[in-house]
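The values are calculated or read from the model by the stated rules, or taken from the named source; none is laboratory data. Computed from a prediction, not measured in an experiment: that's the story for all the values here. Note that we place each Cβ from the backbone using ideal geometry, even for glycine, and neighbour counts take in every protein chain shown.
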């Protein structure tokens, strides 16, 4: 089965894809996956929150919004050296990409020198760098690229039609403009969405169409499952059918055959069997560590055990044994236990 890269998908076409018998959909997705990737390799990333809370946006899923009472302790921008130390710990335990996130609408000019220094410092460790700082204009995009930033994460979250039910303080076109600025600056794009926010199948199809019909497919596509946090508008949202999540992973793999599809936030709620189905369907990237700032994530030793069961090996060697990542990060952050990781669902 030979695949071609397309940028002309329609919502109705993707809905038909999602409605296939599950075995047929999984077979197609896995076949595409094997054409472009080693089916037994999973890329590993670590996320760190470099500035937590007090975000002015009203994203209904986000505990970092200043508009909601989620009992999240606000924190200032971290010092550069503290960020580098955590990157060293993550690298030693098996991560090959270090992602840094700040709860901003967009980075302020006074913070840019520190952000650029973080990028350069992590890059000097030999790691891939990723940041998510909110909206970027052309100038800030260019400066981040010049500093050595490899990836920029900015999620579309959902379909254009459902977007207004989730966010009102930032438009869909704002998000697309940031992705365009990032790509023009020469950085790789990391962009995906969140499932389980009350959207319909048509909205999941619409999200994938927006991503796959970009002039160039995102290099990384994080697919998040909503983590319901008390105090946010979506805390009482109903449960997402696990097979609908798997179907969306499979469709993403078929539509964006050369992109890394990241199994992102919400993995703590997923069984090993569900995660295995996602890997079979084409997911080949995860976030590594025991928390994503305000939401739980499977501990690194659990991920390692699951990888052993499935015969999956990270495409980055662990350089420090036998300590697992969660142990290393706890050691590196004894003085700062509240805010190690950034919420993967936040862009």
So is residue 93 farther than 28 Å from residue 204 by Cβ, touching a residue at least 40 places away in the same chain (Cβ under 8 Å), surrounded by 24 or more Cβ atoms within 10 Å (Cβ to Cβ) and over 17 Å from the mean Cα position of the chain (by Cα) or not?
yes
Looking for something surrounded by fewer than 21 Cβ atoms within 10 Å (Cβ to Cβ), modelled with pLDDT of 90 or more and under 16 Å from the mean Cα position of the chain (by Cα) - is there at least one such residue anywhere in the range 103-121?
no
Restricting attention to the range 120-158, which residues are part of a strand (DSSP E or B) and either closer than 27 Å to residue 237 by Cα or out of contact with any helix residue (DSSP H, G or I) (no Cβ under 8 Å at 6 or more places or on another chain) (or both)?
128, 130, 132, 151, 153, 157
Does residue 153 satisfy being buried (at least 16 other Cβ atoms within 10 Å of the Cβ), touching a residue at least 40 places away in the same chain (Cβ under 8 Å) and under 15 Å from the mean Cα position of the chain (by Cα)?
yes
Taking the stated definitions as given, is residue 192 touching a helix residue (DSSP H, G or I) at 6+ places or on another chain (Cβ under 8 Å) and on the phi > 0 side of the Ramachandran plot?
no
Check on residue 230, under 12 Å from residue 278 (Cα atoms) and either in contact (Cβ under 8 Å) with a residue 60 or more places away in the chain or in a loop (DSSP other than H, G, I, E, B) (or both):
no
What single numbered condition from (1) at pLDDT 90 or above; (2) touching a strand residue (DSSP E or B) at 6+ places or on another chain (Cβ under 7 Å); (3) under 18 Å from residue 211 (Cβ atoms) fails to hold for residue 254?
(2)
Can you confirm whether the range 21-28 contains a residue that is out of contact with any strand residue (DSSP E or B) (no Cβ under 8 Å at 6 or more places or on another chain), free of Cβ contacts under 8 Å to residues at least 12 places away in the same chain, more than 30 Å from residue 171 (Cα to Cα) and outside any helix (DSSP H, G or I)?
yes
Return a yes/no flag: does the range 159-180 have any residue that is buried (at least 22 other Cβ atoms within 10 Å of the Cβ), in a loop (DSSP other than H, G, I, E, B), within 15 Å of the chain's Cα centre (by Cα) and in contact (Cβ under 8 Å) with a residue 24 or more places away in the chain.
no
Out of all the residues in the range 182-205, which are farther than 21 Å from residue 242 by Cβ and buried (at least 21 other Cβ atoms within 10 Å of the Cβ)?
182, 187, 189, 190, 191
Restricting to the range 2-41, name every residue that is at pLDDT below 95, within 13 Å of residue 283 (Cα to Cα) and in contact with a helix residue (DSSP H, G or I) (Cβ under 7 Å, 6 or more places away or on another chain).
39
For the range 122-139: of the residues being touching a residue at least 60 places away in the same chain (Cβ under 8 Å) and closer than 18 Å to residue 169 by Cβ, which is surrounded by the most Cβ atoms within 10 Å (Cβ to Cβ)?
132
